[in-house]
Amino acid sequence: MSKQDQYLITFAVPYYSEPRFLVEVVESVFAQSRPDWLLTIYDDNPDDPLDLEQIAEYLKDSRVSYHLNATNLGIGSNWNLLSLIHISEPTRL
């Protein structure tokens, strides 16, 4: 079974520098009534990346992935990247 068959929805989250809002988003995804989702976080702040301790418990879940961009892409390009990586239909940005 492919990931696309396993998961109903992908939540794709762009991140730049406000951890409290990211934690709220992650908690909201975990509060979903359905378990068949993926959460992908793309951090676009390589000079000051997210302290992963803030979401460490969530990262233990195989449905959650975190990616740090090598360079700052800017908001538009980071959104575009997220729209390309979706695994399921639909993907929510």
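Among the protein heavy atoms, those of ILE85 account for about 50 Å² of accessible surface (1.4 Å probe, every chain in place).
All Cα-Cα distances of the range 1-79, cut into 5 Å bins from zero to the largest, leave 3, 14, 27, 24, 17, 11, 4, 0 percent in each bin in turn. Note on the range 1-73: with charges restricted to the Cβ of Lys and Arg (+1) and Asp and Glu (-1), its dipole about the Cα centre is near 380 debye.
Using alpha-carbon pairs under 8 Å, 6+ residues apart, how would you state the relative contact order of the range 26-78 in percent? Contact order relative to length: 44 percent. What the phi angles of the range 9-17 give under the Karplus curve with 6.51, -1.76 and 1.60, with θ = phi - 60°, is a coupling list of 9, 10, 9, 10, 10, x, 10, 10, 6 Hz, glycine and proline written as x.
Annotation note: chymotrypsin sites (Phe, Trp or Tyr not before Pro) in the range 1-71 located in DSSP loop regions with a Cβ neighbour count of at most 11 within 10 Å are absent.
The values are calculated or read from the model by the stated rules, or taken from the named source; none is laboratory data. A quick note: this is a predicted structure, and the numbers were derived from the prediction, not measured. Here the Cβ is made from the backbone with ideal geometry for all residues, glycine too, and neighbour counts use every protein chain on show. Protein only, heavy atoms only, side chains kept; ligands, DNA and RNA dropped before computing areas. Shrake-Rupley method; radii C 1.70, N 1.55, O 1.52, S 1.80 Å.
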